[in-house]
Amino acid sequence: MKSNGNITRILSIDGGGIRGIVPAVVLTHLEEALQQLTNNPDARLVDFFDLFAGTSTGSMIVAGLLAPNKDNRPAYSAKEIVDLYFDNADTIFQDSLLQDIKSVAGLLNVKYNPEGIESVFQQHFPDTELSELLKPTLIPVYDLTRGKNYFFRQQKAKISARHNYYLKDVLRSATSAITYFPPMQISTVDSTRQRCFIDGGIFANNPALSAYAEFRYHNPELHAKDTMMFSLGTGKQGTHLDCESTQNWGALEWREPAGNLFANAVADANHYQLKAVYDSMPNYLRLDGFFSDADKSSLDNTSKDYLDCLYYLGQQIAQDNKQAIKSFAQQLIANSSPYVERGNESNLKANDDTTARPNQNSKFVQVMKKALRKLTG
């Protein structure tokens, strides 16, 4: 495997509502492993990945990892993102009796008023623009205006105003899960374009395959061996049905199990395809976990017991895969510039502005630089 930045390192995070706690906890373990292995408590995931893909709740995690603070370093650590879920769960999924009656629990109208989730995004990402994120992104949404799939890309937003949106609007669009929140109409930062989006989980709940396609699109001469992929699920529930019990089901009966069936099937198909692409090489790692029969999977259960269940599922996944996470962290470090280790003259802490930028030797970044030169030259 190549080193010194020639490998494009991809982080991918599934959608799953409040279940985003699960991958956020796993990322806490990865970030801590990277800090310990580099002897640098200031190291962050942004220093070890070149492309960040996140669907729905995954986009919220990506935003936290990549939104810059005043020092042009990540606004939040992985651990702090876990805390954000716990602190804001009830605000995001505001339980309103009036809305429940109006929507008949989501059957006749959206289940939640979007004011809660919008207030969270306004609080944490008030004026941040997509173009200002610290690394390239891939955030899937479906464009109702044009009837086609769309991806929010930091790398496009940096070179084209027509692709640049406020991050709070990006997140509101990416989390507009059907029946939970209404579609979101947003304008570009310069107010020249308007689009109406919904959650991209309808076609890419597991965005890992789309992220790999993005890499190949910009690097047609490169392949899986030139990348590293860390893919995280949000936990899944086994759905075991039979013909006898379902033969007379209509839309109402299928509403709940169909969501799990669809999400599991799409995520598993993407994983199967990527395993074939990577030919079981160690530079692809997919981690996910199952809910027990006693713990029903939910996108919007914000009870303390369920949030704790999600936290411990993430801890269990990390513990069960402790060695795999450590080995992957070692590979990430081996394919990073040497400045990430404490004591180096170009130490992260001493040169935050440099480390906040994408790896300048990455093939992905080189291609984006060429595109920028063509547009500006």
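If the condition is being without any contact (Cβ under 8 Å) to a residue 40 or more places away in the chain and open to solvent by less than 70 Å² (accessible area, probe 1.4 Å), then segment 277-299 contributes S292, D295. If the condition is being more than 15 Å from T179 (Cβ to Cβ) and open to solvent by 70 Å² or more (accessible area, probe 1.4 Å), then segment 242-260 contributes D242, C243, E244, Q247, N248, W249, E253. Here L108, L51, L98 are screened, and the one residue that is modelled with pLDDT of 95 or more and over 24 Å from D305 (Cα atoms) is L51. T192 fulfils the conditions (1) among the polar types (S, T, N, Q); (2) farther than 21 Å from S160 by Cα; (3) open to solvent by 30 Å² or more (accessible area, probe 1.4 Å) except for a single criterion, (2).
For Y166, the stated conditions hold: it is within 20 Å of the chain's Cα centre (by Cα), open to solvent by 30 Å² or more (accessible area, probe 1.4 Å) and hydroxyl-bearing (S, T, Y). Taking first residues from segment 300-315 that are over 12 Å from T234 (Cα atoms) and of a type outside the set (D, E, K, R) and partners that are open to solvent by 30 Å² or more (accessible area, probe 1.4 Å) and in a helix (DSSP H, G or I), the Cβ contacts under 9 Å between residues at least 6 apart in sequence or on separate chains come to T302/D90; L307/F86; Q315/H29. Within segment 169-182, the set of residues being without any contact (Cβ under 8 Å) to a residue 40 or more places away in the chain and surrounded by fewer than 23 Cβ atoms within 10 Å (Cβ to Cβ) comprises I178 only. Restricted to segment 249-270, and to residues that are at pLDDT below 90 and polar (S, T, N, Q), which residue is nearest to P23 (Cα to Cα)? Filtering segment 249-270 for residues that are at pLDDT below 90 and polar (S, T, N, Q), the one nearest to P23 (Cα to Cα) comes out as N264.
Close Cβ contacts (under 8 Å, 6 or more residues apart or on different chains) running from residues in segment 36-56 that are touching a residue at least 24 places away in the same chain (Cβ under 8 Å) and at positive phi to residues that are open to solvent by 10 Å² or more (accessible area, probe 1.4 Å) and among the basic types (K, R) comprise N39/R342. Filtered by the rule that a residue be in a loop (DSSP other than H, G, I, E, B), within 21 Å of S12 (Cα to Cα) and touching a residue at least 60 places away in the same chain (Cβ under 8 Å), segment 183-227 gives G200, N205, N206, P207, N219, L222. Can you find, within segment 228-246, the residue that is farthest from the chain's Cα centre (by Cα) among those that are outside any helix (DSSP H, G or I) and at pLDDT 90 or above? So, considering only residues that are outside any helix (DSSP H, G or I) and at pLDDT 90 or above, the one farthest from the chain's Cα centre (by Cα) is M228. From the list S77, S119, S56, the one residue that fits, being under 17 Å from R172 (Cα atoms), at pLDDT 95 or above and out of contact with any Asp or Glu (no Cβ under 6 Å at 6 or more places or on another chain), is S119. Hey, does segment 227-237 have a residue that's farther than 15 Å from G20 by Cα and either surrounded by fewer than 24 Cβ atoms within 10 Å (Cβ to Cβ) or acidic (D, E) (or both)? No, that holds for no residue. For segment 122-141, what are the residues that are under 19 Å from D199 (Cβ atoms) and crowded, with 23+ Cβ neighbours inside 10 Å? Matches in segment 122-141: L130, T137, L138, I139, P140, V141. Restricting attention to segment 113-142, the residues that are touching a helix residue (DSSP H, G or I) at 6+ places or on another chain (Cβ under 8 Å) and not in a helix (DSSP H, G or I) add up to 16. Just one residue in the set Q185, Q155 is under 19 Å from V110 (Cβ atoms) and not hydrophobic (A, V, I, L, M, F, W, C); that residue is Q185. Summed over segment 33-85, the residues that are open to solvent by 10 Å² or more (accessible area, probe 1.4 Å), part of a loop (DSSP other than H, G, I, E, B) and out of contact with any strand residue (DSSP E or B) (no Cβ under 8 Å at 6 or more places or on another chain) give a count of 10. Criterion first (on the phi < 0 side of the Ramachandran plot and in contact (Cβ under 8 Å) with a residue 24 or more places away in the chain) does A267 satisfy it? Judged against the criteria, A267 is a match. Under the condition of being within 27 Å of L209 (Cα to Cα), of a type outside the set (S, T, N, Q) and more than 18 Å from the chain's Cα centre (by Cα), the residues counted in segment 278-312 number 6.
The values are calculated or read from the model by the stated rules, or taken from the named source; none is laboratory data. Please read all numbers here as calculations on a predicted model, not as lab measurements. Positions of Cβ are generated from backbone atoms using ideal geometry, with glycine treated the same way; all protein chains shown enter the neighbour counts. For the accessible areas, the whole protein counts, side chains as well, though only heavy atoms, and no ligand, DNA or RNA atoms are used. Shrake-Rupley method; radii C 1.70, N 1.55, O 1.52, S 1.80 Å.
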